[in-house]
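These notes concern the structure reproduced below.
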Amino acid sequence: MNLYNYIFYRIYRTTSRVNNIFPEFSTSIYLSILIFINILSIILLLKIPLERIGLNAIYAGLTIIYVVNHMYFIKNNRYKKIIEQFDKKKGVIFLNVMILIYPYLSFFFLFKILKIDSITTFITVGILVLIDAYFYLTKNKMP
């Protein structure tokens with residue numbers, strides 16, 4: 001099992017609940033932002049000053065991550081093959097839970113590295129969880 005494809009698949013399945021038009025693009029953007037947050041967290045953890053990297057390099061990095069994800073998943077409709085492949089398999093519960101909390105942990109660790117106070121961190125992550133839960137629970141009730 002390709003873990004990166006499976007992460008895309010699980011995020012796609014969640015995203016497609018609220019985005020019926022182009023969930024593959026939303027998923028690619030979402031995954032790119034998560035990867036960028038993880039890379040940014042590592043950079044900050046290594047105490048590399050962002051001023052040394054520069055704003056243009058940060059934008060370029062985010063753009064490169066998105067283009068690579070776009071080329072990998074969207075070009076030649078690879079995402080359809082990935083979805084088809086994992087729709088046939090039964091998911092591993094532990095892995096599904098880890099992928100479910102991955103975005104929240106990414107934000108949590110970034111906030112901790114940035115030394116944002118715990119209350120703000122928990123409120124922000126809590127709001128993200130509530131928004132996800134709201135859209136997940138109300139999707140079938142929306143017109």
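Here is how the numbers come out for the structure above:
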| quantity | calculated |
| --- | --- |
| Matching label, mean projected area of the Cα convex hull in nm² computed from the structure shown, candidates (1) 9.8; (2) 8.6; (3) 10.3 | (3) |
| Surface share of carbon and sulfur [accessible, 1.4 angstrom probe, percent] for the chain | 70 |
| Structure-based [θ]222 nm, the chain - -39500 (n - 2.57) summed over DSSP H runs of at least 4, per residue, nearest 500 | -24500 deg cm²/dmol |
| At least 30 Å along the helix axis (C-alpha) and Kyte average at least 0.0, DSSP helices within the chain | 23-45 |
| Size of region 1-67 as Cα extents on the principal axes (Å, biggest first) | 40, 26, 17 |
| Cα centroid separation - region 19-36 against region 80-132, whole Å | 14 |
| Which of Ile131, Leu100, Leu110, positive extreme of dipole for the chain (C-beta unit charges) | Leu100 |
| Alpha-carbon gyration tensor eigenvalues x 5, square-rooted, for region 78-143, Å | 29, 18, 10 |
| Relative contact order for region 1-132, counting Cα pairs under 8 Å that sit 6 or more residues apart, in percent | 31 |
| Trypsin sites (Lys or Arg not before Pro) within region 72-139: DSSP coil, no more than 11 neighbouring Cβ in 10 Å | Lys88, Lys89, Lys90, Lys115 |
| Lysine pair number, Cα distance threshold 17 Å (strictly under), the chain, separation 8 or more or different chains | 6 |
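The values are calculated or read from the model by the stated rules, or taken from the named source; none is laboratory data. Please read these numbers as outputs of a predicted model, since none were measured by experiment. Backbone-built Cβ (ideal geometry, glycine too); neighbour counts: all protein chains shown. The area values use the complete protein model at the heavy-atom level, side chains included, leaving out ligands, DNA and RNA. Shrake-Rupley method; radii C 1.70, N 1.55, O 1.52, S 1.80 Å.
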